[in-house]
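Heads up, the thing below is written out as structure tokens.
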Amino acid sequence: MSASAPDHRYIYLASNSPRRRDLLHQIGVDFDVLTFRSGERGVDADVDETPEPRENARRYVERMALTKASAGVRRLFWRKLPRWPVLAADTAIELDGAIIGKPASAEDARAILQRLSGRDHRVLTAVAVSDGERTRSCLSMSDVHFRQLSEQDIFRYIATGEPMDKAGAYGIQGHAAAFVSEIRGSYSGIMGLPLFETAALLEVFGYPL
């Protein structure tokens, strides 16, 4: 970071996702990652990511993004860090009304990809920004169609290791791009951070883009 740059040009990213970091860099956002001192990787001890009973995917991702942003603000207050806005996001897949998150194992990833094969599914990403006084959020919803996947397709993809840290067991920016025959919505939203909506939120907090 440049010491001469005004503070309002910086934010905190409350996420360890390399994809979200790359997307923020893409639109020229200067940020610090709000790291986790406990040694946890990608999981905030303040946030329980278990869906509530009968919770739909839209409410789930919105609740998670808002909760993560609030937890990030608490963390920077505790550490007495500069009070820049905190940005958080959450992504989930919806299929047949069910929420599909990250696979728990290779076998779980296989089962998820079999369910997505040859079908449409919806990718929902919520983004929240908070400075401790104001909190704003937005939602991106995109529809994705997978071609029919063979067992070999699924086996080879799981062998790359790529599905294991991604909602829906795939990343559109990686090998799974070959599975996607059509998208309707935001490509960056499917990756995990919808840039149009994110830029609009940051402008509300005085971040010039």
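Taken together, the values in this text are just the output of simple stated rules run on the coordinates, not laboratory data. These numbers come from a predicted model, not from an experiment.
The alpha-carbon of residue 80 sits under 17 angstrom from the alpha-carbons of these aspartates and glutamates, leaving out residues fewer than 8 places away in its chain: 7, 32, 131, 133.
Within the straight-line cut-off of under 23 Å between alpha carbons, the lysines reachable from residue 166 are 68, 102, sequence neighbours fewer than 8 places apart in one chain being disregarded.
The helix-based estimate of mean residue ellipticity at 222 nm for the chain, built from -39,500 (n - 2.57) per DSSP H run of four or more residues and divided by its residue count, is -9500 deg cm²/dmol to the nearest 500. Starting from one equal scatterer on each C-alpha and no solvent at all, send me the Debye-based log10 I(q)/I(0) for region 69-191 at q = 0.19 Å⁻¹, two decimals. With no solvent term, the Cα-only Debye profile gives -0.95. Here the Karplus curve 6.51 cos²θ - 1.76 cosθ + 1.60, taken at θ = phi - 60°, turns the phi angles of region 115-132 into couplings of 5, 7, 4, x, 10, 8, 9, 10, 10, 10, 10, 9, 10, 10, 10, 9, 10, x Hz, with x standing for Gly and Pro.
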